[in-house]
Amino acid sequence: MNRFPGRLSYSLILFVALFCFAANVRPVLAQDDKPTAADNKNDEINLDTQLYLIVGTNQDVADEKLPAVLDQVVRELKASLPFKNYRLTATLINRVKSDGRLSLRWIGGPLLASGAATNNTPSFNDFKIVSVKMFEDAQGRKMIRMDGFNFGSRIPVVTYNGVASNGTAPPVINYENTGLTTDISMREGQPVVVGTLNVGPSGDAIILVMTAKRAMK
């Protein structure tokens, strides 16, 4: 016969309470714990990015040699788009940290030579990437993801309203907004066509080509 029923019951309740408390405890990191080397690996990577602005047109243009890095891209464009000529209008080179972001805004010469009356009618351009990150795909290949890729431009376009008394039509210049927003992934160092923007009455198109690779130390 138990001579201490009250004490035994109290001990049993205390044991159950301590067991339940231990079962719900979660490990907590000390405030001075520092990220591991694996956590910081992306902070050590810088990426060199290049955005090429190519114009596709059926008009006669000077025979300009495009960079060799775009040879494969141009062959693919000629096979899929009905333009006779392609010319490079701008190359934007920037460096950004992996897990970083990029934003540019600039005023440049007319992207479409046939669309502007003079060189005094520039294009207003905006380019940004919300997040750039290097990662490995299932095959172990180095890939670069760009979230929130956005390019926008206000392009001068010439129109004509009637004929003046002297027989010449005065040009009227209007600005046309065009742009593209998307998320993309690409292999490191391999140029990819991000998209095309048809602009102006001539039917010309701006073609966006992007490439990125790890920066040299």
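Computed from the coordinates by the stated procedures, all read-outs in this text should not be read as laboratory data. Remember, it's a predicted structure, so these values are computed and weren't measured experimentally.
Scaled to the globular estimate 2.2 N^0.38 Å, the Cα spread of the stretch 47-214, given as radius of gyration, is 1.17.
Listed values for the stretch 173-178 are Karplus-derived 3J(HN,Hα) couplings in whole Hz (6.51 cos²θ - 1.76 cosθ + 1.60, θ = phi - 60°), namely 9, 10, 9, 10, 7, 8, and x replaces Gly and Pro. Using θ = phi - 60° in the Karplus curve 6.51 cos²θ - 1.76 cosθ + 1.60, the 3J(HN,Hα) couplings for the stretch 66-73 round to 7, x, 4, 5, 9, 4, 5, 4 Hz; x is entered for Gly and Pro.
Spatially close Lys pairs in the stretch 47-214, defined by Cα atoms under 20 Å apart and a spacing of eight or more places or different chains, total 10. Listed values for the stretch 90-95 are Karplus-derived 3J(HN,Hα) couplings in whole Hz (6.51 cos²θ - 1.76 cosθ + 1.60, θ = phi - 60°), namely 6, 10, 10, 10, 9, 10, and x replaces Gly and Pro. Amide H contacts of GLY189 (H built 1.01 Å from N, in plane; Pro and chain starts excluded): ALA212, LYS213 sit under 5 Å, all sequence-distant by 5 or more or on other chains.
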